[in-house]
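Chemist: Sharing a structure here in structure tokens format.
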Amino acid sequence: MTTPTPTVAVSDRLIPIDGGRLYVKDWTPETAGALPPILLFHDSLGSVDLWRSFPALLAARTGRRVVAYDRLGFGRSDPHPGRLAPGFVAAEARTVLPTLLDRLGIGAFVACGHSVGGGMAVETAAHLPARCRALVTIAAQAFVEDRTLEGIRVAKRDFQDPDQFARLVKYHGDRARWVLDAWTESWLSPAFADWSLDAALAKIRCPVLALHGDCDEYGSSDHPARIAAGRGTVRMLPDTGHIPHRECEDELVEAIGGFLSRV
């Protein structure tokens, strides 16, 4: 007999933090109970809306509340006050997440991030070890790799096409140029060349699942291997590029759900 899919309640709000308000959306299944919620960190061009159907499906399949938010400057959050500093990945964990979690009434949680959001999830797990119960990275980068930089250079050229750029405007409005530059110019800057997650990874104490597409155009399998080394498991997703939650949503949700059921 097929298990009925639980009803998932959806809500959203703006949460004030230092520097502006963050747009936050919740998906809470009726079966959530006291399980630690899953906090989603979006990628460099991402937003809550660009997760599409993934959060609702993840909530239904895992029986956990799922929370996603737009970082300052992205999606429906307030504008970012300036340029991203080279340490922006770690800064998100140290300056934004403690306030955001407290204002959402979240104690223990699961950190789950896509691409650079995966790096932010790692930094958050390292910064809040007593509260982070598990860490999931999806197509995350752990260091600056030539493949990553070349992929960004190609994307930067592609976004010169007005039709391509219009896709960003759809989700980020008049801040689309800031969003694009925040990604390309941060990663391509010489000041970012030595960035890595190594220091944060050394502090991880929770179970780790590193998911990565075997056709990811922004990073080789060296990234999930470094993230999970001595800490957890790598799962390579076959015939998958950089956006698994769009390319193989069911397989991704199954992998995360199976991992969390064992935590």
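Chemist: Could you grab me the full set of residues in region 63-103 that are among the acidic types (Asp, Glu) and part of a helix (DSSP H, G or I)? Explain how you work it out, then say what you get.
Modeler: Pass one, region 63-103, residues among the acidic types (Asp, Glu): 70, 78, 92, 102.
If the condition is that a residue be among the acidic types (Asp, Glu) and part of a helix (DSSP H, G or I), then 92, 102 are the ones that fit.
Chemist: In region 200-231, which residue that is in a helix (DSSP H, G or I) and without any contact (Cβ under 8 Å) to a residue 24 or more places away in the chain is nearest to residue 60 (Cα to Cα)?
Modeler: It comes out as 228.
Chemist: Pick out the one residue from 166, 130, 134, 85 that is free of Cβ contacts under 8 Å to residues at least 24 places away in the same chain and under 30 Å from residue 215 (Cβ atoms).
Modeler: The conditions single out 166.
Chemist: Do you know which of the residues in region 104-117 that are outside any loop (DSSP other than H, G, I, E, B) and in contact with a Leu (Cβ under 9 Å, 6 or more places away or on another chain) is farthest from residue 50 (Cα to Cα)?
Modeler: First pass over region 104-117, keeping only residues outside any loop (DSSP other than H, G, I, E, B): 109-114, 116-117.
So of that shortlist, the ones also in contact with a Leu (Cβ under 9 Å, 6 or more places away or on another chain) come out as 109-114, 117.
Values: 109: 22, 110: 20, 111: 18, 112: 15, 113: 13, 114: 11, 117: 13 Å.
It comes out as 109.
Chemist: If you don't mind, another one. Got a sec? Which of 56, 32, 60, 68 is crowded, with 22+ Cβ neighbours inside 10 Å and closer than 22 Å to residue 257 by Cα?
Modeler: Residue meeting the stated conditions: 68.
Chemist: Residues to consider are 176, 125, 108, 142; find the one that is closer than 27 Å to residue 191 by Cβ and in contact with a Cys (Cβ under 8 Å, 6 or more places away or on another chain). Before you say what the answer is, go through the steps one by one.
Modeler: Working: 176 fails: in contact with a Cys (Cβ under 8 Å, 6 or more places away or on another chain); 108 fails: closer than 27 Å to residue 191 by Cβ; 142 fails: in contact with a Cys (Cβ under 8 Å, 6 or more places away or on another chain).
Selected residue: 125, the only one of 176, 125, 108, 142 that is closer than 27 Å to residue 191 by Cβ and in contact with a Cys (Cβ under 8 Å, 6 or more places away or on another chain).
Chemist: Which of the numbered conditions does residue 191 fail, given that it passes all the others? Conditions: (1) touching a residue at least 24 places away in the same chain (Cβ under 8 Å); (2) within 20 Å of the chain's Cα centre (by Cα); (3) closer than 14 Å to residue 88 by Cβ.
Modeler: (2)
Chemist: Any residue in region 4-14 that is among the β-branched types (Val, Ile, Thr), in contact (Cβ under 8 Å) with a residue 40 or more places away in the chain and part of a loop (DSSP other than H, G, I, E, B)? Don't jump to the end; show me each part of the working.
Modeler: Taking region 4-14 and keeping what is among the β-branched types (Val, Ile, Thr), we get 5, 7-8, 10.
Narrowing the set further to residues that are in contact (Cβ under 8 Å) with a residue 40 or more places away in the chain leaves 5, 8, 10.
Next cut, part of a loop (DSSP other than H, G, I, E, B) only: 5.
Looking for residues that are among the β-branched types (Val, Ile, Thr), in contact (Cβ under 8 Å) with a residue 40 or more places away in the chain and part of a loop (DSSP other than H, G, I, E, B), one finds at least one in region 4-14, hence yes.
Chemist: Still on this structure: How about region 121-150: which of its residues are outside any loop (DSSP other than H, G, I, E, B) and either of a type in the set (A, V, I, L, M, F, W, C) or in contact with a Ser or Thr (Cβ under 8 Å, 6 or more places away or on another chain) (or both)?
Modeler: To start, the set of residues in region 121-150 that are outside any loop (DSSP other than H, G, I, E, B) comprises 121-127, 132-138, 143, 146-150.
Once the filter is applied, which keeps residues that are outside any loop (DSSP other than H, G, I, E, B) and either of a type in the set (A, V, I, L, M, F, W, C) or in contact with a Ser or Thr (Cβ under 8 Å, 6 or more places away or on another chain) (or both), region 121-150 yields 121, 122, 125, 126, 132, 134, 135, 136, 138, 143, 147, 149.
Chemist: Looking at 233, 240, which one is surrounded by 13 or more Cβ atoms within 10 Å (Cβ to Cβ), in contact with an Asp or Glu (Cβ under 8 Å, 6 or more places away or on another chain) and hydroxyl-bearing (Ser, Thr, Tyr)?
Modeler: Details: 233 fails: in contact with an Asp or Glu (Cβ under 8 Å, 6 or more places away or on another chain).
Being surrounded by 13 or more Cβ atoms within 10 Å (Cβ to Cβ), in contact with an Asp or Glu (Cβ under 8 Å, 6 or more places away or on another chain) and hydroxyl-bearing (Ser, Thr, Tyr) holds for just one of 233, 240, which is 240.
Chemist: Go through (1) surrounded by 14 or more Cβ atoms within 10 Å (Cβ to Cβ); (2) more than 28 Å from residue 79 (Cβ to Cβ); (3) of a type in the set (A, V, I, L, M) and name the single condition residue 202 misses.
Modeler: With (1) surrounded by 14 or more Cβ atoms within 10 Å (Cβ to Cβ); (2) more than 28 Å from residue 79 (Cβ to Cβ); (3) of a type in the set (A, V, I, L, M) applied to residue 202, the lone miss is (1).
Chemist: Answer yes or no: is there a residue in region 36-52 that is of a type in the set (Gly, Ala, Ser) and more than 19 Å from residue 177 (Cβ to Cβ). Can you show your working first?
Modeler: Just the residues of region 36-52 that are of a type in the set (Gly, Ala, Ser), to begin with: 44, 46-47.
Now restrict to residues that are more than 19 Å from residue 177 (Cβ to Cβ): none.
Within region 36-52, none of the residues are of a type in the set (Gly, Ala, Ser) and more than 19 Å from residue 177 (Cβ to Cβ).
Chemist: Could you please give the count of residues in region 35-53 that are farther than 19 Å from residue 249 by Cα, surrounded by fewer than 21 Cβ atoms within 10 Å (Cβ to Cβ) and not aliphatic (A, V, I, L, M)?
Modeler: Count: 1.
Chemist: Kindly indicate whether residue 139 is out of contact with any helix residue (DSSP H, G or I) (no Cβ under 8 Å at 6 or more places or on another chain) and surrounded by 19 or more Cβ atoms within 10 Å (Cβ to Cβ). It would help to see each step written out before you state the result.
Modeler: Numbers: out of contact with any helix residue (DSSP H, G or I) (no Cβ under 8 Å at 6 or more places or on another chain): no; surrounded by 19 or more Cβ atoms within 10 Å (Cβ to Cβ): yes.
Against the criterion (out of contact with any helix residue (DSSP H, G or I) (no Cβ under 8 Å at 6 or more places or on another chain) and surrounded by 19 or more Cβ atoms within 10 Å (Cβ to Cβ)), residue 139 does not qualify.
Chemist: For region 232-263, which positions are in a loop (DSSP other than H, G, I, E, B) and modelled with pLDDT of 95 or more? If you could, list the steps in order and put the result at the bottom.
Modeler: Residues of region 232-263 that are in a loop (DSSP other than H, G, I, E, B), as a first pass: 238-243, 248, 262-263.
The answer is 238, 239, 240, 241, 242, 243, 248.
The values are calculated or read from the model by the stated rules, or taken from the named source; none is laboratory data. Computed from a predicted model, the values in this text were never measured in an experiment. Heads up, the Cβs are rebuilt from the backbone with ideal geometry, glycines too, and the neighbour counts pull from every protein chain shown.
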